[in-house]
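The structure that follows is given in the form of structure tokens.
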Amino acid sequence: MRHKDAALMARIRQTAEDFYLEHGRSPSTAELGAAVGAAKATVYKYLVEMGRAGMLDYDGRSIATKKTALADHGMTTASVFFGSIPCGPPETVEAAVDQYVQLPSALFGAGRLYVIRARGDSMIGAGIDDGDMVVVDADRKPAVGDKVVALDGAGESTLKTLRYDAARARYYLHPENPRLEDIYVDELTVQGVVRFIIKEG
């Protein structure tokens, strides 16, 4: 691990453990960076290297050590995005995470879970209102009729129903609001399938 500051590595590990014990979840790279005085991109690189060296376990979302493992009580870590889920390599997605939350594994299962806030009224017919939080499973294979988070024509994440147009032999994104039009894209990229809806208020 050339060019890595041993003192900073120790602070990152200790801060991550203290944060987990206090909040019951791993800190985001932004939260870690603010605590140790480093950019979140730098913290991410350190975590990857520390994971490779066996100093901790890091899967791109959660940080685990022997101390945090003793405190783990069957929880799944989900990444929370206040905006869209970005596309790109893991470090790009990780850098955009606003925080992490711990969800009961018995209810939500395991895997790569994202939490995003619904915006607008495009899914009101499916019972998803503006401000609701949706739990998205990035590992689940999408099927026609699923509520999905996918990239629209502008490359932004959008929450819609996955449909198939047999006449055009194309998948498309359908808003559950009769005032809005279907979205056809040249290459459909689904980022995850909605598993749960958490109503605001």
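Show log10 I(q)/I(0) for the range 1-61 at q = 0.14, 0.27 Å⁻¹, two decimals, from a solvent-free Debye sum over equal Cα scatterers.
Per q value, in the given order, log10 I(q)/I(0) is -0.32, -1.29.
Which distance in Å, rounded to a whole number, links the C-alpha centroids of the range 23-38 and the range 154-201?
Centre-to-centre (Cα) distance: 33 Å.
Give me a comma-separated list of calculated 3J(HN,Hα) values for the range 131-144, in order, Karplus coefficients 6.51, -1.76, 1.60 applied at θ = phi - 60°, integers in Hz, x for any Gly or Pro.
3J(HN,Hα) across the range 131-144, in whole Hz: x, 5, 9, 10, 9, 10, 9, 6, 9, 7, 6, x, 10, 4.
How large is the helix-only mean residue ellipticity at 222 nm for the chain, computed as the sum of -39500 (n - 2.57) over DSSP H runs with n ≥ 4, divided by its residue count, in deg cm²/dmol to the nearest 500?
Helix-only estimate at 222 nm: -8000 deg cm²/dmol.
Here's a follow-up. Top mean-square fluctuation among A167, A106, A30, Gaussian network model of the chain, C-alpha springs under 10 Å?
A167
Right, next: Quick check: net charge around D152, other residues with Cβ under 12 Å of its Cβ, Lys/Arg +1 and Asp/Glu -1? Before the final figure, lay out each step's value.
On the way: positive: K160; negative: E156, E181, D182, D186, E187.
Local net charge: -4.
Separation between the R168 and D129 pseudo-spin-labels, each 7 Å from Cα along Cα→Cβ, expressed in nm?
3.2
Just the Cα atoms of the range 113-198, one point each, no solvent: what log10 I(q)/I(0) does Debye give at q = 0.11, 0.12 Å⁻¹?
-0.26, -0.31
Among A95, A166, V43, pick out the residue whose Cα is farthest towards the positive end of the charge dipole of the chain, where Lys and Arg carry +1 and Asp and Glu carry -1 on C-beta, about the Cα centre.
V43
Could I ask something else about it? Counting pairwise Cα distances across the chain, what percent come out greater than 21 angstrom?
Pairs farther apart than 21 Å: 56 percent.
Tell me the net charge near E176. Cut-off is 12 Å between Cβ atoms, E176 excluded, with +1 for each Lys or Arg and -1 for each Asp or Glu.
+1
Each reported figure results from applying straightforward, stated rules to the coordinates on display, with no laboratory input. Treat the numbers as computed from the prediction; the structure is a model and nothing was measured. Counting neighbours? That spans all protein chains shown, and the Cβs are built from the backbone with ideal geometry, glycine included.
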